[in-house]
Amino acid sequence: MDMTSFNVSMPRALKQYIEQQVAGGTYSTPSEYVRELIREDQKRRAKERLESALLEGLNSGPAMEIDADYWASRRKELRQRHRPAKVTR
C-alpha cells in the first residue's frame, strides 16, 4: 500500500485519548488507530448510501416483475437511443 503523511492538529485531550487507545494494546500506533476510525466512517457512510438507495427504491412506485423479456426490451430501447446518427449529405 502506498503511504503518505498527513499532519493533524488537535487538542491535547484528544491526543491523550488516542495515546490511551494505543497503550491499551488494541492498536500499535496512533496512525493505525486513526486509519481504523476513517475506515469505520467510510463503512458507515456506504451503509447510509445503501439504505437511502433502498428506501428510494421502495418508495419509487409499485413493484414489478423483472424477467428476461424485460431486460431484452430495455437493451433494445438503449440500443435505439444510443444508435449513431445517420450522416446525410
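The values are calculated or read from the model by the stated rules, or taken from the named source; none is laboratory data. The structure displayed is predicted, hence computed values, not measured ones. Cβ coordinates were reconstructed from backbone atoms using ideal geometry, including for glycine residues, and neighbour counts include every protein chain displayed.
Residue-wise test of (1) assigned to a helix (DSSP H, G or I); (2) surrounded by 12 or more Cβ atoms within 10 Å (Cβ to Cβ); (3) among the small types (Gly, Ala, Ser); (4) in contact (Cβ under 8 Å) with a residue 40 or more places away in the chain.
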residue	(1), (2), (3), (4)
5	no, no, yes, no
15	yes, yes, no, no
20	yes, no, no, no
34	yes, yes, no, no
40	yes, no, no, no
46	yes, no, yes, no
50	yes, no, no, no
Filter pass, residue 61 being at pLDDT below 95, exposed (fewer than 10 other Cβ atoms within 10 Å of the Cβ) and more than 14 Å from the chain's Cα centre (by Cα):
yes
